[in-house]
Amino acid sequence: MLEEMYIQPRSFINGENVTKRSKFIVAIYIRVSGKDQAKKGKVSLAIQERDLVKFANTQHWKIFSIYKDVLTGYLDYENREAGKRLLEDAREGKFNLVLLWDSDRNGRDPEALAAKLFRHYMREIGVQVVSLDQPLILKDPEEYKYDPYDEGQIFMETIHDLQSATTVSKFRRRSMESKQERVKDGKMINTPPYGYKLEAVLDDKGQPVLKNGRAIRRRVVNEEEKFIVVRIYNEYVFEGKSMNEIRDCLNAEGIPARKGGHWERAMVFIMEPFFTIGIIEEKLP
């Protein structure tokens, strides 16, 4: 697949057809926050991959691999499935350049820590990071290993990271304001957490109770999911497993997450103590 996508440019020297070569071996990293981000009108994985492969080809760079993640930008690379593989391959020297569609694909947490940590680590091992929205003059790969710190470049990266972090902070604030308004109107602020589901409230005749023409619903325990919640609680509290270990076990056993996909570390973390304990008390004598 990758070989078909990467087309080595051809040129002629003294009438002889030869292949242009570059010193850069690139790792393409693409990410979206969730399945909803891949819908029409969003910057999907396919769009990012298409643009990055095209750009790499025009630069005559050899593509080593394409790494794809569908998860929140809050997580650092060690806790990303594809991101972790990228780090491992970088340590083994399999590429010397990381190519991103946008600098915020590195991470999008309120303090821009995920992006800063990733770039710092890449500098330490001599791998340059570039994105389509943040062009820069690349150094020779061998020279970069001995002199990876450019004050001007680091300054510009910091500005980009702060812009992404500011966007996240604004979104969180506006989201909270929206939730507060929904609460004032007597509406639920989000979908039930894993282990719960919504059920219509019925009157004495078994008919749905309506308010303003809409059925009133309440949260009840989801019998199919509550055993997974209990398992996560037991493994974390009593067996001492980390959130990453629990996530990996759930995925290895083929246990689907709420929307049918793979479990992520953030999903395990969301199992709040008071919510988990509520189900534990119902299950145990």
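Please treat every number below as a calculation from the coordinates, not as lab data. Just so we're clear, the structure is a prediction, and the values are computed from it rather than from any experiment. Heads up, the Cβs are rebuilt from the backbone with ideal geometry, glycines too, and the neighbour counts pull from every protein chain shown.
Using Cβ counts within 10 Å as a stand-in for footprinting exposure, how do Ile232, Ile47, Ile25 rank, fewest first?
Ordered by Cβ neighbours within 10 Å, fewest first: Ile47, Ile25, Ile232.
If you average the alpha carbon positions of segment 69-101 and of segment 129-148, how far apart do those two centres end up, in angstrom?
17 Å
Between Tyr121 and Cys249, with labels modelled 7 Å along Cα→Cβ, what's the label distance in nm to one decimal, could you check?
2.5 nm
Neighbouring Cβ atoms within 10 Å as the yardstick, rank Lys68, Lys259 fewest first.
Least crowded to most crowded, the residues run Lys259, Lys68.
Going by how many other beta carbons lie within 10 Å of each one, how would you line up Phe118, Phe55, fewest first?
Exposure proxy ranking, most exposed first: Phe55, Phe118.
Order the peptides 207-213, 144-150 from the highest to the lowest mean number of other Cβ atoms within 10 Å of their residues.
Output ranking for 207-213, 144-150: 144-150, 207-213.
Determine the gain in length on full extension of the stretch Leu132-Lys54; use 0.36 nm per residue of separation and subtract their C-alpha separation, reporting nm with one decimal. All intermediate terms of the calculation are to be shown ahead of the outcome.
Numbers: separation 78, 0.36 × 78 = 28.08 nm, distance 1.12 nm.
27.0 nm is the gain from fully extending Leu132 to Lys54.
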